[in-house]
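A.B. asks: A single structure is presented below for examination.
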Amino acid sequence: MTPTEEQNLAIARIFIEQFLGKGNMSIAADVLLMNSPNFVEEYRPLAAVHLEAYNLYKASNLDWSFVCPAAEIFPGDRTAIFQVGADHLLINEKGESRISAEDYAIAFMDEVEQSKYIHHRMTVAY
């Protein structure tokens, strides 16, 4: 891994550890992941704070992007092959919502560099 890739991964891990923005992704019409019965109860308060932050950004005049990981994020390989979506949790053909920390870092930095989702929420998954 190059020094830049290592730095990107370190940044992504910090965001993953400190922010659980995935909870404010929709899993169905008007149903947030954080309100589903399978959402980890101990993460619910933090997810609620992120939903509040997301709503504050939406109401502001700031330029912002809100990057949410898949439901499951794990250490793994960097593939750079993933789906990018907005507002709704991405689920694969097996019913899973997963992304490696390495690919999440790539997606996050892609958004920082390319700014495709200004004033929007985005997510990534396989």
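The values are calculated or read from the model by the stated rules, or taken from the named source; none is laboratory data. Owing to the predicted nature of the structure, the values given are computational and were not obtained by experimental measurement. Calculation scope for accessible area: heavy atoms of the full protein, side chains included, ligands and nucleic acids excluded. Shrake-Rupley method; radii C 1.70, N 1.55, O 1.52, S 1.80 Å.
A.B. asks: Multiply the residue gap between Ala80 and Ser65 by 0.36 nm, knock off their C-alpha separation, and tell me the result in nm, one decimal place.
C.D. replies: Length difference between fully extended and current span is 3.4 nm.
A.B. asks: Please list, in chain and number order, the residues 5+ apart from Leu32 or on another chain whose amide H is under 5 Å from its amide H, with Hs placed from the backbone.
C.D. replies: Ile27
A.B. asks: On to the next question. Skipping prolines and chain starts, which residues have an amide H placed within reach, meaning under 5 Å, of the one on Val67, given they are 5 or more residues away or on another chain?
C.D. replies: Long-range HN contacts for Val67: Met122.
A.B. asks: For region 39-44, in order, what is each residue's ³J(HN,Hα) by Karplus, 6.51 cos²θ - 1.76 cosθ + 1.60 with θ = phi - 60°, in whole Hz (x at glycine and Pro)?
C.D. replies: For region 39-44, the Karplus curve yields 6, 5, 4, 5, 8, 4 Hz.
A.B. asks: Can you put Asp77, Asp103, Asp87 in order of accessible area, largest first, using a 1.4 Å probe?
C.D. replies: Asp77, Asp87, Asp103
A.B. asks: Figure the gain on full extension for Ala53 and Glu93 (residue separation times 0.36 nm, minus the Cα-Cα span) and round it to one decimal in nm.
C.D. replies: Net length gain for the segment: 11.3 nm.
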